[in-house]
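Participant: What follows is a single structure, and I will ask about it in a moment.
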Amino acid sequence: MSQHIALLGSTGSIGTQVLDVVRHWPGRFTIAALGAGKNLERLAQQTGEFHPRCIAIQQESDLPALRELLNVHAPAFSGEILVGKAGLNAIAESSVSALVIVGLVGLAGLEPTLKALYAGKRVLTANKETFVTGGHLVQPYLDRVIPIDSEHAAIHQCLKNEPVKAVKHILLTASGGPFRTFSAADMQKVTLSQALKHPNWVMGHKITIDSATMMNKGLEVIEAHWLFGVSYDQIQVVVHPESMIHSGVEFVDGSILLQMGAPDMRGPIQYAMTYPERLPNPEPKVHLDFLSLSRLNLEPPDLERFPCIRLAYEAGRLGSGATAVLNGADEMAVQLFLEEQIDYCAIPKLLEAALNAHRQESTPSAPSLSDIHALDDWARRFVREQANPLTARSTG
Ligand code: MG
């Protein structure tokens, strides 16, 4: 029987690879709904190919352009077109699918994920910000959640159904990003185009910059804490430049299980989509030749050069209010860096300043959805204001 899927973030890096898997297994999956942002042409093409019953876009003002593109790419489409946050939420809880796949970036992923879970659906998610901002809200429904993030998919495979008490450490691997071997002085001169070149993975801009600062690993530490119910002391980040070991688990009896594979997101995506069944990889050229591995490098992260990891542990121990602040601050700092308004080294400084300012406030440790949005707004505003003098100095 075909599984009906609502795919949120269909035109992004995760979304297009989910559709690769769907295309590869005809009859097994049906695309019931697609939610996209501003890539109207790709959404129109996907609509023509996969025939969803409804689609959603971010902005109402894009509707006329979308209708024109649908006339070209999907003339037979007669379904509903939804708009904005309400559109994504409606798709997430709609009865057209029992499975929701979340490939959205940022805090935007939290609310539709909660809507899908409240509606009793299964959720496959690549959106780490869901856990970073609202891990405590998702926690009661974890038995219906499978992670797509490659490290967490790896841990999911190593853990099977072992109880938390069997786990000694989570071993969370990190490529180290493009600046792994840079000195602190070299890092002062890093440019945007250097930061956008990830050595092993091709991903969206936000996550690529987060990988360069290693904030991505920090966010994944918090994600692992909520997904697997382990304390922050039990999560060890391991820098592994080859990206062949995707993460692992050390159990209390001393046994260590690691999951390996080629660095290709269709692996974890298909694993989650067909779980508990394993099927051949949709791209047979993507293959890890175990016998060709002459050497694997593993080392602890340098928290001096990559302070974002330390900040994530600090925020995580403070609670969900602090991690929501850290996340909002990071989204804004990365945006300012992508707009070339701030330098690379300003990113961790702005995050630390936001976290320190937040410590002075008294905020709930288990914030509601509206609290989370308020903390996110506060953190973004704080970073923008703090960045102003930096911007003035570098341009004047
Ligand atoms: Mg990851």
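Participant: How many residues are surrounded by fewer than 18 Cβ atoms within 10 Å (Cβ to Cβ) and closer than 17 Å to residue 232 by Cα when one looks only at segment 315-340?
Facilitator: 3
Participant: Applying the selection to segment 192-206, what residues are among the hydrophobic types (A, V, I, L, M, F, W, C), modelled with pLDDT under 90 and either more than 11 Å from the ligand (Cβ to nearest atom) or part of a helix (DSSP H, G or I) (or both)? Steps first, answer last, please.
Facilitator: Kept after step one, since they are among the hydrophobic types (A, V, I, L, M, F, W, C), are these residues of segment 192-206: 192, 195-196, 201-203.
With modelled with pLDDT under 90 added as a condition, the list becomes 201-203.
Scanning segment 192-206 gives a single hit, 202.
Participant: Let me ask something additional. Run residue 294 past the list (1) surrounded by 19 or more Cβ atoms within 10 Å (Cβ to Cβ); (2) among the small types (Gly, Ala, Ser); (3) modelled with pLDDT under 95 and report the number of the one that doesn't hold.
Facilitator: Unmet condition: (1).
Participant: Out of the residues in segment 140-150 meeting the condition of being more than 12 Å from the ligand (Cβ to nearest atom) and touching a helix residue (DSSP H, G or I) at 6+ places or on another chain (Cβ under 6 Å), tell me which one is farthest from residue 247 (Cα to Cα). Show your work before the answer.
Facilitator: Of segment 140-150, the ones more than 12 Å from the ligand (Cβ to nearest atom) are 140-146.
Next cut, touching a helix residue (DSSP H, G or I) at 6+ places or on another chain (Cβ under 6 Å) only: 141, 146.
Working: 141: 24, 146: 16 Å.
This residue is 141.
Participant: With the requirement that a residue be small (Gly, Ala, Ser) and surrounded by fewer than 24 Cβ atoms within 10 Å (Cβ to Cβ), what does segment 117-134 give you? It would help to see each step written out before you state the result.
Facilitator: We begin by selecting, within segment 117-134, every residue small (Gly, Ala, Ser); these are 119-120, 126, 134.
If the condition is that a residue be small (Gly, Ala, Ser) and surrounded by fewer than 24 Cβ atoms within 10 Å (Cβ to Cβ), then 119, 120 are the ones that fit.
Participant: For segment 92-135, enumerate the residues that are more than 13 Å from residue 369 (Cβ to Cβ), β-branched (Val, Ile, Thr) and more than 15 Å from the ligand (Cβ to nearest atom).
Facilitator: 96, 100, 101, 123
Participant: Here's a follow-up. Is it true that residue 231 is within 14 Å of the ligand (Cβ to nearest atom), out of contact with any Asp or Glu (no Cβ under 6 Å at 6 or more places or on another chain), within 24 Å of residue 315 (Cβ to Cβ) and of a type in the set (Ser, Thr, Tyr)?
Facilitator: Numbers: within 14 Å of the ligand (Cβ to nearest atom): no; out of contact with any Asp or Glu (no Cβ under 6 Å at 6 or more places or on another chain): yes; within 24 Å of residue 315 (Cβ to Cβ): yes; of a type in the set (Ser, Thr, Tyr): yes.
No, not satisfied.
Participant: Follow-up. Here is a list: 59, 46. Which entry is surrounded by 19 or more Cβ atoms within 10 Å (Cβ to Cβ) and assigned by TED's automatic domain parsing to the domain that holds residue 108? Write out each step before concluding.
Facilitator: Numbers: 59 fails: surrounded by 19 or more Cβ atoms within 10 Å (Cβ to Cβ).
None of the others qualify; the one that does is 46.
Participant: Based on this model, can you work out whether residue 277 counts as surrounded by fewer than 23 Cβ atoms within 10 Å (Cβ to Cβ) and not in a helix (DSSP H, G or I)?
Facilitator: Details: surrounded by fewer than 23 Cβ atoms within 10 Å (Cβ to Cβ): yes; not in a helix (DSSP H, G or I): yes.
Spelling it out, residue 277 is indeed surrounded by fewer than 23 Cβ atoms within 10 Å (Cβ to Cβ) and not in a helix (DSSP H, G or I).
Participant: Filter segment 151-170 down to residues that are surrounded by fewer than 24 Cβ atoms within 10 Å (Cβ to Cβ) and within 16 Å of the ligand (Cβ to nearest atom) and give me whichever is nearest to residue 277 (Cα to Cα).
Facilitator: Narrowing segment 151-170 to residues surrounded by fewer than 24 Cβ atoms within 10 Å (Cβ to Cβ): 156-169.
Then drop every residue that is not within 16 Å of the ligand (Cβ to nearest atom), which leaves 156-158.
Numbers: 156: 14, 157: 12, 158: 15 Å.
The qualifying residue nearest to residue 277 (Cα to Cα) is 157.
Participant: Only one of 314, 250, 304 is acidic (Asp, Glu), closer than 30 Å to residue 188 by Cβ and not in a loop (DSSP other than H, G, I, E, B). Can you tell me which? Even if it seems obvious, please write down each step before you answer.
Facilitator: On the way: 250 fails: closer than 30 Å to residue 188 by Cβ; 304 fails: not in a loop (DSSP other than H, G, I, E, B).
It is 314.
Participant: May I pose another question? What are the residue pairs meeting all of these: first residue in segment 358-380, first residue farther than 10 Å from residue 324 by Cα, second residue not in a helix (DSSP H, G or I), Cβ atoms under 8 Å, and 6 or more apart or on different chains?
Facilitator: Pairs that qualify, where the first residue is farther than 10 Å from residue 324 by Cα and the partner is not in a helix (DSSP H, G or I), are 365/319; 366/319.
Participant: Let me confirm something: among 374, 353, 366, 357, which residue is in the same structural domain as residue 201 (by TED's automatic domain parsing), out of contact with any helix residue (DSSP H, G or I) (no Cβ under 8 Å at 6 or more places or on another chain), aliphatic (A, V, I, L, M) and surrounded by fewer than 18 Cβ atoms within 10 Å (Cβ to Cβ)?
Facilitator: Details: 353 fails: out of contact with any helix residue (DSSP H, G or I) (no Cβ under 8 Å at 6 or more places or on another chain); 366 fails: out of contact with any helix residue (DSSP H, G or I) (no Cβ under 8 Å at 6 or more places or on another chain); 357 fails: out of contact with any helix residue (DSSP H, G or I) (no Cβ under 8 Å at 6 or more places or on another chain).
Every option except 374 fails the conditions.
Participant: Going by the conditions given, is residue 163 within 17 Å of residue 299 (Cα to Cα) and either touching a helix residue (DSSP H, G or I) at 6+ places or on another chain (Cβ under 7 Å) or in the same structural domain as residue 335 (by TED's automatic domain parsing) (or both)?
Facilitator: So residue 163 fails the test.
Participant: Name the helices (runs of 4 or more DSSP H) wholly within segment 1-105 that hold at least 1 residues that are under 18 Å from the mean Cα position of the chain (by Cα)?
Facilitator: The qualifying helices (runs of 4 or more DSSP H) are 13-24, 84-93.
Participant: Ok, one more. Among (1) free of Cβ contacts under 8 Å to residues at least 12 places away in the same chain; (2) within 15 Å of the chain's Cα centre (by Cα), where does residue 163 come up short?
Facilitator: Condition not satisfied by residue 163: (2).
Participant: How many of the residues in segment 136-190 are of a type outside the set (S, T, N, Q), in a helix (DSSP H, G or I) and closer than 28 Å to residue 365 by Cα? Let's see the steps before the verdict.
Facilitator: Our first condition is that a residue be of a type outside the set (S, T, N, Q); within segment 136-190, this holds for 136-138, 140-149, 151-156, 158-160, 162-172, 174, 176-180, 182, 184-187, 189-190.
Within this subset, residues satisfying the condition of being in a helix (DSSP H, G or I) are 136-138, 140-144, 151-156, 158-159, 164-166, 184-187.
Then keep just the ones that are closer than 28 Å to residue 365 by Cα; that gives 136-138, 140-144, 151-153, 155-156, 164-166.
Number satisfying all stated conditions: 16.
Participant: Given the criteria closer than 25 Å to residue 191 by Cα, more than 20 Å from the chain's Cα centre (by Cα) and crowded, with 19+ Cβ neighbours inside 10 Å, does residue 343 qualify? Reasoning before the result, please.
Facilitator: On the way: closer than 25 Å to residue 191 by Cα: yes; more than 20 Å from the chain's Cα centre (by Cα): yes; crowded, with 19+ Cβ neighbours inside 10 Å: yes.
Yes.
Participant: Please tell me if residue 112 is in contact with a helix residue (DSSP H, G or I) (Cβ under 9 Å, 6 or more places away or on another chain), part of a helix (DSSP H, G or I) and under 23 Å from residue 34 (Cβ atoms).
Facilitator: On the way: in contact with a helix residue (DSSP H, G or I) (Cβ under 9 Å, 6 or more places away or on another chain): yes; part of a helix (DSSP H, G or I): yes; under 23 Å from residue 34 (Cβ atoms): yes.
The answer is yes for residue 112.
Participant: Kindly list, by first and then second residue, each pair from a residue in segment 141-154 that is farther than 19 Å from residue 111 by Cα to a residue that is among the polar types (S, T, N, Q) and in a loop (DSSP other than H, G, I, E, B), limited to pairs with Cβ atoms under 9 Å and residues at least 6 apart or on different chains.
Facilitator: Close Cβ pairs satisfying both conditions: 150/243.
Participant: Of (1) part of a loop (DSSP other than H, G, I, E, B); (2) surrounded by fewer than 18 Cβ atoms within 10 Å (Cβ to Cβ); (3) not assigned by TED's automatic domain parsing to the domain that holds residue 330, residue 282 satisfies all except one. Which?
Facilitator: (2)
The values are calculated or read from the model by the stated rules, or taken from the named source; none is laboratory data. In this text the structure is predicted, and so the values were computed from the model without any measurement. FYI the Cβ positions are ideal-geometry reconstructions off the backbone, even for glycines, and counts take in every protein chain you see.
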